[in-house]
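Student: Handing you this structure, nothing more for now.
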Amino acid sequence: MVGFENAKKSDNGSNNKNPLSEAVINLDQGDPKVFEEYWRKMGDKCTVEIKGWEMMSYFSDLKNLCWYVLPELDQAIRGIHAAVGNATTEGRYIVVGNGSTQLCQAAIHSLASLHSSHPVSVVAASPFYSTYSEETSYQRSEIYRWEGDAMSFDKEGPYIELVTSPNNPDGTIREQVVKKPDGNAIYDFAYYWPHYTPITHSPDHDVMLFTFSKITGHAGSRIGWAIVKDKEVAKKMVYYLLLNSIGVSKESQIRAAKILNVMKETCQSETESVFEFGRDKLKKRWEMLREVVDQTHIFSLPSYPEAFCNFFQKPIQTYPGFAWLGWNEESDLASLFRNQKVLTRPGSMCGSDNKYVRVSLFSDDAVFSVFLQRLASITTDSIH
Ligand code: PMP
């Protein structure tokens, strides 16, 4: 009952009145503020100093196919995957981008350009990460076109399926659903890290995307990477990056390399591992959230199977960074939350129903606690 009782506590008359109690809270975006507490505790361990004359060139390593990537970042990326066991990098190309958002576009463009018939259909199983439909449609490309839900996809011709596992928004483990010839898959593994989900195997797909934003919380550094099997695809992605942004900021790369190396050094420590911190934080949030949801009798949440985690060497639960909250009413759940001054992502943006919303659990503690209070205050009477 801890979560519910805490959540129900009124702000009026309470000694610790939350300054956010009247504010609109934004749980639409997955801004990973939850990690700030951890990095503050790490103090100066990840501080980097860059002199005025350092890293001025566009180029980094002309021997690397991805010529703008700093060797220390390439090594740090391979190092953290080896330590966690969540992706095969041996003999693979690492293509670094300005967040995995840019790399997703680079990968779609590159794969689509390899097909002889256009436009190539781009699909993802609903509910999908809403940015996929936005970024794919926004480009108005002649060589690919957004075709929506992979589950109902029945067009002839080449296609690219975006597979997010664990999935954003609903946290489920995903595999490719379209099984036709002439297709490619891009695996988005933004959340395949031990704080969110059991690491059950080391995937080795043709194109896999990872983002620094959701491992460490450093979304503002705008660093992501793709692990790519095929040299031609990797080359085309690097060419896309050349035309789009002439590479990636060296300042961001050096910071990411430093942080990834510290993560690797501390990842087995019970007190210092970011995975222990993230897992503990999300576990507590999910427990509190489930308690409030159970008490309201209005909302529902997905449940997740336990699985053996090779990284933690024990069976563990999934604790996604987003809650896929539903209800049984026919009306729009996002507007109910808007009335409570809580911004959420409507299910329809994820190719699903507006009976669902995606709620970010990445906020800081204060915002999360206001969200629970507002959720707990919704009663059957108040919605009718
Ligand atoms: N893929 C998924 C599934 C995500 O949730 C996000 C972040 N919200 C991204 C990609 C983009 O991450 P980045 O910050 O690296 O662009």
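Student: Return the residue satisfying two criteria in turn: it lies in region 110-132 and is away from the ligand (no atom under 12 Å from the Cβ) and crowded, with 21+ Cβ neighbours inside 10 Å, and of such residues it is nearest to the chain's Cα centre (by Cα). Give the derivation first.
Tutor: Here is the first cut: in region 110-132, the residues away from the ligand (no atom under 12 Å from the Cβ) are 110-123, 125-126.
Checking the rest, the ones that are also crowded, with 21+ Cβ neighbours inside 10 Å come to 110-112, 120-123, 125.
Numbers: 110: 22, 111: 22, 112: 24, 120: 25, 121: 23, 122: 19, 123: 18, 125: 16 Å.
Taking the candidates together, the pick is 125.
Student: Now a separate question. Considering each residue of region 158-200, count those that are within 13 Å of residue 210 (Cβ to Cβ) and acidic (Asp, Glu), and give that number.
Tutor: Total satisfying the criteria: 1.
Student: I would also like to ask the following. Condition first: among the small types (Gly, Ala, Ser), open to solvent by 60 Å² or more (accessible area, probe 1.4 Å) and within 17 Å of residue 290 (Cα to Cα). Now tell me which residues in region 341-384 satisfy that.
Tutor: 377
Student: Against the definition (touching a residue at least 12 places away in the same chain (Cβ under 8 Å), of a type in the set (Phe, Trp, Tyr) and either open to solvent by 30 Å² or more (accessible area, probe 1.4 Å) or assigned to a loop (DSSP other than H, G, I, E, B) (or both)), how does residue 337 come out, yes or no? Even if it seems obvious, please write down each step before you answer.
Tutor: Numbers: touching a residue at least 12 places away in the same chain (Cβ under 8 Å): yes; of a type in the set (Phe, Trp, Tyr): yes; either open to solvent by 30 Å² or more (accessible area, probe 1.4 Å) or assigned to a loop (DSSP other than H, G, I, E, B) (or both): no.
No, not satisfied.
Student: Go through the residues of region 212-225 one by one and say whether even a single one is away from the ligand (no atom under 14 Å from the Cβ) and aromatic (Phe, Trp, Tyr).
Tutor: Step one: list which residues in region 212-225 are away from the ligand (no atom under 14 Å from the Cβ), which gives none.
No; the residues of region 212-225 include none that is away from the ligand (no atom under 14 Å from the Cβ) and aromatic (Phe, Trp, Tyr).
One line per residue, one yes/no per condition, for (1) closer than 30 Å to residue 149 by Cβ; (2) of a type in the set (A, V, I, L, M, F, W, C):
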{"residue": "303", "(1), (2)": "yes, no"}
{"residue": "308", "(1), (2)": "no, yes"}
{"residue": "316", "(1), (2)": "no, yes"}
{"residue": "331", "(1), (2)": "yes, no"}
{"residue": "349", "(1), (2)": "yes, yes"}
{"residue": "353", "(1), (2)": "yes, no"}
{"residue": "382", "(1), (2)": "no, no"}
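Student: Only one of (1) closer than 20 Å to residue 102 by Cα; (2) within 14 Å of the ligand (Cβ to nearest atom); (3) open to solvent by 60 Å² or more (accessible area, probe 1.4 Å) is not met by residue 173, so which one is it?
Tutor: (1)
Student: Residue 269 is checked against (1) touching a helix residue (DSSP H, G or I) at 6+ places or on another chain (Cβ under 7 Å); (2) more than 14 Å from the ligand (Cβ to nearest atom); (3) among the small types (Gly, Ala, Ser) and fails just one. What number does that condition carry?
Tutor: Here residue 269 clears every test but (1).
Student: Moving on. Which residue pairs have Cβ atoms closer than 7 Å, lie 6 or more positions apart in sequence or on different chains, and pair a first residue in region 86-99 that is open to solvent by 10 Å² or more (accessible area, probe 1.4 Å) with a second residue that is of a type in the set (Lys, Arg) and within 16 Å of the ligand (Cβ to nearest atom)?
Tutor: From region 86-99, the pairs are 98/222.
Student: Name the residue that is nearest to the ligand (Cβ to nearest atom), counting only residues in region 311-334 that are touching a residue at least 40 places away in the same chain (Cβ under 8 Å) and more than 21 Å from the chain's Cα centre (by Cα).
Tutor: Result: 315.
Student: Turning to a different aspect of this structure: Looking at 290, 285 in this structure, which one is within 18 Å of the chain's Cα centre (by Cα) and in a helix (DSSP H, G or I)?
Tutor: Numbers: 290 fails: within 18 Å of the chain's Cα centre (by Cα).
Exactly one of 290, 285 is within 18 Å of the chain's Cα centre (by Cα) and in a helix (DSSP H, G or I), namely 285.
The values are calculated or read from the model by the stated rules, or taken from the named source; none is laboratory data. Since the structure is predicted, the reported quantities are computational estimates derived from the model, not experimental observations. Ideal geometry is used to build each Cβ from the backbone, glycine not excepted, and the neighbour counts take in all protein chains shown. Note: areas computed on protein heavy atoms with side chains; ligands, DNA, RNA excluded. Shrake-Rupley method; radii C 1.70, N 1.55, O 1.52, S 1.80 Å.
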